[in-house]
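Trainee: Sharing a structure here in structure tokens format.
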Amino acid sequence: ISDADGIQHPLDAAMPAARFPLPTGEGYDYRFKSAASLARLQPDARKHCYEDTLIQCEEGGVEDQIYYDFYRTLQEGRCELPSMPDLAARIGLAIDDPNTGNEDIARIIQSDPALTARILSVVNSAAFGGMMQITDLNQAVARLGRQQIRSLVFSCIVKGLFRTDSKALQSRMHALWDHSCHVAAVSQALARHTPGLSPERAMLAGLVHDIGIIPILGEARNHPQLLSKLELLDQAIANLRGEVGALTLRQWKLEGDLSEIALHAEDWFRCSTALPTYVDVVQLAQLHAYIGMPRMQELPRIDEIPAFQKLMLGGLSPRRSLAILDEAEKEIQEVRTLLQGD
């Protein structure tokens, strides 16, 4: 492949890069050393090839064109991203304002009685160390602190985003929410044993790690043919979930570590820093959540990923990891129930 600067990039079918589309921008040309086949050739790609190229183009059929159109819509940002719930935005602004007090934040939360009840229920639960009964939100904000309250409020509100009016996608969206709640609960339990990480922040990280799938499913409603070819939808989700998720979280101004989580939640062998991060927690929580499920067969072992070596100050073993989660099973189930509740 020759790029716009004339630099040549060799590509062989055995290379990992060969799984991705060829570039078709201005200035790209291809010359093949031997006869070659291209699967899923993008529209207009042929015009970038030299005339003397020996090439057999397997131009995709209807299925490939459906996938390509859908992929471009998402890649170019033409899909509708979910909006942050208004109440979460208002609470976030209040928390970031140094001139507001705990009572101001509590007053905004109290404008939604259902949310108030959920927050007090969560704060007083055994999973959140509710030794002393808290009866009002001022106490809750004072006890947890602003950032923990932000994570908790958003965790209680985010469920509304995992809904769809498409009957074809309802079961998939329900499964996505159930998986997100499970990962959130396990993330909280793992973070509690890892110094420097907040259990509440870890719970929120687990809830939003797959947030990018929501706009992808939303856009799928505009492509009815795609809903009858779910393998193409799954392919789009696998390719774009991270990018779309990070874009969504940046739009909500939940940047930093949360957008990193959306990008790298399934980048299993990513090495970042010697210190444990919320990406590490969510990766390990996902592998635990998949235990006993069919997808487990295609995933790495828990002790194979770098994250495993970083949590709990490197003192983790597969047996200890399972033992910790076995001990926290009641807590994990309680958190899942609290998050899933209406």
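The values are calculated or read from the model by the stated rules, or taken from the named source; none is laboratory data. Just so it is clear, the structure is predicted and the values come from calculations on it, not from any experiment. Here the Cβ is made from the backbone with ideal geometry for all residues, glycine too, and neighbour counts use every protein chain on show. Accessible surface is based on the protein model in full, side chains and every heavy atom, while ligands, DNA and RNA are left aside. Shrake-Rupley method; radii C 1.70, N 1.55, O 1.52, S 1.80 Å.
Trainee: Among the residues of the range 313-320, is any at pLDDT below 85, open to solvent by less than 70 Å² (accessible area, probe 1.4 Å), among the small types (Gly, Ala, Ser) and closer than 17 Å to Pro195 by Cβ?
Mentor: Taking every residue of the range 313-320 in turn, at least one turns out to be at pLDDT below 85, open to solvent by less than 70 Å² (accessible area, probe 1.4 Å), among the small types (Gly, Ala, Ser) and closer than 17 Å to Pro195 by Cβ.
Trainee: Still on this structure, I have one more. Could you list, in sequence order, all residues of the range 5-27 that are at pLDDT below 80 and open to solvent by 70 Å² or more (accessible area, probe 1.4 Å)?
Mentor: Asp5, Ala13, Ala14, Met15, Pro16, Arg19, Phe20, Pro21, Glu26
Trainee: Something else now. Within the range 190-214, work out how many residues are surrounded by fewer than 24 Cβ atoms within 10 Å (Cβ to Cβ) and more than 18 Å from Glu260 (Cα to Cα).
Mentor: So the answer is 4.
Trainee: Let me ask you something else. Looking only at the range 278-300, count every residue that is surrounded by 11 or more Cβ atoms within 10 Å (Cβ to Cβ) and either within 14 Å of the chain's Cα centre (by Cα) or within 21 Å of Gln188 (Cα to Cα) (or both) and tell me the total.
Mentor: 14
Trainee: Taking into account only those residues within the range 222-277 that are surrounded by fewer than 21 Cβ atoms within 10 Å (Cβ to Cβ) and basic (Lys, Arg), which is farthest from Ile211 (Cα to Cα)?
Mentor: Within the range 222-277, the match that is farthest from Ile211 (Cα to Cα) is Lys229.
Trainee: Taking Asn239, is it among the polar types (S, T, N, Q) and either in contact with a strand residue (DSSP E or B) (Cβ under 8 Å, 6 or more places away or on another chain) or not in a helix (DSSP H, G or I) (or both)?
Mentor: Against the criterion (among the polar types (S, T, N, Q) and either in contact with a strand residue (DSSP E or B) (Cβ under 8 Å, 6 or more places away or on another chain) or not in a helix (DSSP H, G or I) (or both)), Asn239 does not qualify.
Trainee: Another question, if that's okay. Being part of a helix (DSSP H, G or I), under 25 Å from Gly160 (Cβ atoms) and open to solvent by 50 Å² or more (accessible area, probe 1.4 Å) is the filter here; which residues of the range 72-104 pass it?
Mentor: Across the range 72-104, the qualifying residues are Asp86, Arg90, Leu93, Asp96.
Trainee: Oh, and also: Would you mind finding the one in Gln139, Gln170, Gln147 that is without any contact (Cβ under 8 Å) to a residue 12 or more places away in the chain, closer than 22 Å to Leu93 by Cα and either open to solvent by 40 Å² or more (accessible area, probe 1.4 Å) or touching a Pro at 6+ places or on another chain (Cβ under 6 Å) (or both)?
Mentor: That would be Gln139, the only listed residue that is without any contact (Cβ under 8 Å) to a residue 12 or more places away in the chain, closer than 22 Å to Leu93 by Cα and either open to solvent by 40 Å² or more (accessible area, probe 1.4 Å) or touching a Pro at 6+ places or on another chain (Cβ under 6 Å) (or both).
Trainee: Now for a different question. Which one of these is in contact with a Ser or Thr (Cβ under 9 Å, 6 or more places away or on another chain), modelled with pLDDT of 80 or more and not in a loop (DSSP other than H, G, I, E, B): Leu120, Leu115?
Mentor: Just a single option satisfies the conditions, and that option is Leu120.
Trainee: Could you please let me know if Ile108 is crowded, with 21+ Cβ neighbours inside 10 Å, under 28 Å from Arg250 (Cβ atoms), over 19 Å from the mean Cα position of the chain (by Cα) and of a type outside the set (Asp, Glu)?
Mentor: no
Trainee: Give me the pairs: first residue in the range 97-126 and within 22 Å of Leu339 (Cα to Cα), second residue loosely packed, with under 14 Cβ neighbours inside 10 Å, beta-carbon distance under 7 Å, and six or more apart or on different chains, which are they?
Mentor: From residues that are within 22 Å of Leu339 (Cα to Cα), the pairs are Asn124/Gln133.
Trainee: Hey, another quick one. Could you list, in sequence order, the residues of the range 75-91 that are under 13 Å from Ile109 (Cα atoms), out of contact with any helix residue (DSSP H, G or I) (no Cβ under 7 Å at 6 or more places or on another chain) and of a type in the set (Gly, Ala, Ser)?
Mentor: Ala89
Trainee: Sticking with this structure for a sec: Which residue pairs have Cβ atoms under 9 Å apart, sit 6 or more places apart or on different chains, and have a first residue in the range 303-325 that is at positive phi and part of a helix (DSSP H, G or I) and a second that is open to solvent by 40 Å² or more (accessible area, probe 1.4 Å) and modelled with pLDDT under 70?
Mentor: Met312/Arg320
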